[in-house]
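Contents: one structure, followed by commentary.
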Amino acid sequence: MPDNENAYEVEYAKQLDKQDQLASYRKEFYVKEDRIYLDGNSLGLLSKRAETTVLQLLDSWKNYGIEGWTEGDNPWFYLSETIGEKIAPLVGGNPDEVIVTGSTTVNLHQLVATFYEPDSKRTKILADELNFPSDIYALQSQIKLKGFEPSEHLVQVRSKDGHTLHEEDIINEMKDDVALIVLPSVLYRSGQILNMKRLTAEAHKRNILIGFDLCHSIGSIPHELSKWGVDFAFWCNYKHLNGGPGGVGGLYVNKKHFGKHPGLSGWFSSKKDKQFDMEHVLTPAEHAGAFQMGTPHVLSIAPLIGSLAIFEEAGIENIRKKSLKMTQYLMDLIDYELSDFGFVIRNPKEEDKRGGHIYIEHPEAARICKALKAKNIIPDFRKPNGVRLAPVALYNTYEEVWSSVQILKTIMEEELYKKFKNERGVVA
Ligand SMILES: *Cc1c(COP(=O)(O)O)cnc(C)c1O
């Protein structure tokens, strides 16, 4: 922020929007002009390109019937592979290391079923106490399936401040009874980025396999999974990648593991040219495709086809640059305008540790979020007292960031939040 008062005026925000080289993408999205959407880290907005590819997919069904598996612009039989190739640059993987399949939770089950091979010495899975519950439930159930007690065999690294993790603390837990490590790339609450390169190197020094949940980083920050030697990763495509509610997720398996038999097999794990031989002995694909199970949810992949074209064009480096600028601007405005109202910024402030959203806390957070929604600003409440705000590079503007903080200030000054109950909704 430049060191002058004008920097907090709306003209400054307008200036930033004028200079913004990604500004033209906003009109490709269904943004409502009377609403400020800051929840793209939970569910990204629909783009016109995504809408078009959904309609095209319906057309291929209309026109081809069963032949659509092999005919048309996007033959369904190869879709998981071809769209996986398009996602590969976003995670820094080789084209055949990425497949579009399943969902975050399903893919985590698949990867743990494949890579968690406890022996007489190594029986534990290392995770953290701040991860999203679904990941923890999946790990607990996988440990149970192997005949172990989750309370003993799932080690969850503690957070010192309840918001962030120290890489040293994680490394200290990489003991010789750990078989597998599963961590988030970006923590879903505080938005902290974990140093995946360092953690992978430390895990491998100790002969431990390591995988990451990329839900909150894919489409928001660049990755170099193959360069870092990460063993596997998984994610959903409906957050920053705008792939639509319930859209199909993705996974990455490092090529050093190609040939490994999938823990959970199905006929779509097959080598493509063998699949319809209908043999009762599986010949798995010799790439990430082996970690699919059944028929792909083709209709739920369709929006991703259009959405990824935008990412390819805009470039993840440019997206990250703008995202950092927007989150910095938002933090500067919060500091300047809201310092009297008891908000605490809990996300890490350093650029290499800050993901795509800002996380602030306030004792009245639940009803402050309701007051924001009543004013047509869409934040994201996280129990017990957190508010996530994600200015998204592809469709939010600096002026929206400015307006959001002004409106939040009015809500606090006029105590408008007091009209609401301080409780979360069913979907918070
Ligand atoms: C969004 C999210 C999920 C959601 O999992 P689904 O299987 O898509 O329901 C899981 N883990 C993390 C870390 C997430 O951010």
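The values are calculated or read from the model by the stated rules, or taken from the named source; none is laboratory data. Treat the numbers as computed from the prediction; the structure is a model and nothing was measured. For neighbour counting, all protein chains shown are included, and Cβ atoms are generated from backbone atoms with ideal geometry for every residue, glycine included. When the accessible area is computed, the model is the full protein with side chains, heavy atoms only, and any ligands, DNA or RNA have been set aside. Shrake-Rupley method; radii C 1.70, N 1.55, O 1.52, S 1.80 Å.
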For this session: Could you rank the peptides 396-403, 345-352 by their average count of other C-beta atoms within 10 Å per residue, with the highest value first?
Result: 396-403, 345-352
Seminar exercise, completed: Sorted on mean Cβ neighbours within 10 Å (highest first), peptides 12-22, 91-101, 131-141 come out as 91-101, 131-141, 12-22
Exercise. In nm, to one decimal, how far is the HIS261 label point from the LYS383 one, both placed 7 Å along Cα→Cβ?
Worked result: 4.1
Problem set entry | Residue-by-residue Karplus 3J(HN,Hα) for segment 397-405, coefficients 6.51, -1.76, 1.60, Hz, glycine and proline x | 10, 5, 5, 5, 4, 4, 4, 4, 5
For this session: Sticking with the crude label model, points 7 Å out along Cα→Cβ, report the distance from GLU350 to LYS227 in nm, one decimal please.
Result: 1.9
For this session: Among DSSP beta bridges whose residues both lie in segment 51-313, state the antiparallel percentage, nearest 5.
Result: 40
Exercise. How large is Rg over Rh for the chain, taking Rg from the Cα atoms and Rh as the Kirkwood inverse mean of 1/r across Cα pairs?
Worked result: 0.99
Seminar exercise, completed: If each part is reduced to its alpha-carbon centroid, segment 190-247 and segment 7-76 end up apart, in Å, by 24
Problem set entry | Average accessible surface area per residue within segment 51-313, 1.4 Å rolling probe, Å² | 42
Seminar exercise, completed: Computed from the beta carbon distance with a Förster radius of 35 Å, FRET efficiency for GLU415 and LYS32 to the nearest 0.05 stands at 0.80
Seminar exercise, completed: The alpha-carbon pair-distance distribution computed for segment 25-78, with 5 angstrom bins and whole-percent values, is 5, 17, 20, 15, 11, 12, 11, 7, 2
Problem set entry | Whichever lysines have a C-alpha closer than 20 Å to that of LYS14, once near sequence neighbours (fewer than 8 apart) are set aside | LYS27, LYS32, LYS321, LYS322, LYS325, LYS409
Problem set entry | Rounded to the nearest 20 debye, dipole of the chain from Cβ charges on Lys, Arg, Asp, Glu | 640
Exercise. So what is the calculated 222 nm ellipticity per residue for the chain, using -39500 (n - 2.57) for each DSSP H run with n of 4 or more, over all residues, to the nearest 500 deg cm²/dmol?
Worked result: -11000 deg cm²/dmol
Seminar exercise, completed: Quick calc: nm separation of the 7 Å Cα→Cβ label points for LYS321 and THR283 -> 4.8
Problem set entry | Coarse-grained scattering of segment 1-154 at q = 0.17 Å⁻¹, given as base-10 log I(q)/I(0) from a Debye sum over alpha-carbon atoms | -1.13
For this session: Compute the length gained on full extension between LYS271 and ASP340: take 0.36 nm times their separation in residues and subtract their Cα-Cα distance, giving the result in nm to one decimal.
Result: 18.7 nm
For this session: Sort out for me the Cα centre separation of segment 134-164 from segment 389-406, rounded to whole Å.
Result: 36
